[in-house]
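Below is one structure; the comments refer to it alone.
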Amino acid sequence: MKALLLIITVIFALLFDARAEPAALVDEGLAALKQGKVDDAVELFSEAIQINPGDSRAYCGRAYAYSAKRDYNDAMHDCNEAIKLNPGFAKAYCVLGNIYWMTGGQDKAGTAFDEAVKLAPNDPDVLYNRALYYLRKDDEKTINDCTEVIRLTPDDAQAYCIKGDAYFDQQKYEAAIEDYTEAIRLKPQTGNFYHERGFAYQKNGDLDEAIDDYSRAIQLKPKSDTEYYIRGYAYCEKHNYDKGIEDYTEAILLNPKNGGYYFQRGLAYQQEGDNTRSAQDLKEAALLKTQNAH
């Protein structure tokens with residue numbers, strides 16, 4: 001009996017020591033972050049740092065967790081500590097870039113992301129982070145980075161979508177549609193991909209295709225007022241005002257505080273010659289605009 005208790009005690013000690021390893025704690029912290037358990041992640045990273053103050057991964061992970069809590073001062077401190085401990089730590093520069101980005105340090109953010117890619121030019125996560133940052137700032141950089149991400153990880157649907165966004169921003173709608181289509185092929189249950197492709201079709205003048213994509217997005221996101229609104233807008237572009245009004249009405253039911261929905265429905269009623277309902281909607285739109293301004 002005494003021997004059995006001794007064995008149990010030894011096994012417990014081994015399990016405890018294994019959990020107390022800084023690397024294991026950091027892995028647990030990263031898993032907690034993926035699950036959205038930010039406070040738990042901070043505790044785990046802090047415990048790892050207490051055991052090993054030279055663990056750059058723990059500082060980087062805690063910096064990310066702090067930034068998720070919008071505790072940017074502590075996040076910046078931890079990120080700089082991670083880089084001091086490991087100057088070649090590309091992901092720490094990525095986290096630093098995101099902190100600068102969220103706090104308005106745009107130039108410093110770009111410098112940090114560029115340094116991350118310089119240190120790890122074949123890391124798809126690093127490239128993807130920089131691609132996101134440069135979207136609508138330098139779309140060619142976004143396209144180039146996403147192209148490289150796709151070369152490294154051909155099944156990355158989100159990289160295709162972001163590349164499509166960059167082409168859309170350049171008004172290259174057919175190229176955008178190609179990328180959104182590839183994103184949809186890889187992840188056909190993602191409503192946002194249909195929304196983005198629908199918008200590109202709409203801008204390209206392909207209204208029937210746009211409406212089909214918005215309809216698919218609505219199937220996948222039936223509680224999204226935005227999808228009903230944008231499909232209603234496409235219907236009205238086709239001069240199908242009855243269908244447009246139906247969609248605007250559904251958008252209003254889902255989000256009655258959006259004055260823009262009343263405004264567009266008012267215009268649609270106007271096109272149908274229903275001046276009474278048009279005036280009511282336009283009045284409601286103006287009232288909500290005034291209320292939202294305060």
Placing +1 on the Cβ of each Lys and Arg and -1 on the Cβ of each Asp and Glu in region 228-294, which of 290, 258, 240 has its Cα farthest towards the positive end of the resulting dipole? 290
Rounded, prolate or oblate for region 165-214? Axes are the square roots of the Cα gyration tensor eigenvalues, ordered a ≥ b ≥ c, and the cut-off for rounded is a/c under 1.5. oblate
Could you sort 190-202, 242-254, 56-68 so that the peptide with the highest average Cβ count within 10 Å comes first and the rest follow in order? 56-68, 190-202, 242-254
With a Förster distance of 22 angstrom and the Cβ-Cβ distance between residue 257 and residue 68, calculated FRET efficiency to the nearest 0.05 equals 0.20
Can you tell me which aspartates and glutamates have their Cα less than 15 Å from the Cα of residue 37? Leave out same-chain residues fewer than eight positions away. 27, 28
From the cross-link list 141/223; 34/118; 203/238, which pairs have alpha carbons spaced over 24 Å apart? 141/223; 34/118
Defining a contact as two alpha carbons under 8 Å apart and six or more residues distant in sequence, what relative contact order in percent does region 228-294 show? 27
Answer label for semi-axes √(5λ) of the Cα gyration tensor in Å (calculated), chosen among (i) 48, 24, 20; (ii) 38, 31, 18; (iii) 31, 29, 15: (i)
Relative packing of peptides 88-95, 150-157, 173-180 - highest average C-beta neighbours within 10 Å first: 88-95, 173-180, 150-157
If I model a spin label at residue 31 and residue 152 as a point 7 Å from the Cα along the Cα→Cβ vector, what separation in nanometres do I get? 2.5
Angle between the chain longest axis and helix 173-186 axis [Cα atoms, degrees, rounded to 10]: 50
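Read the figures in this text as sums done on the coordinates, not as results from a lab. As the structure is a computational prediction, the values presented were derived from the model and not from experiment. With ideal geometry, Cβ positions are generated from the backbone for all residues, glycine too; neighbour counts draw on all protein chains shown.
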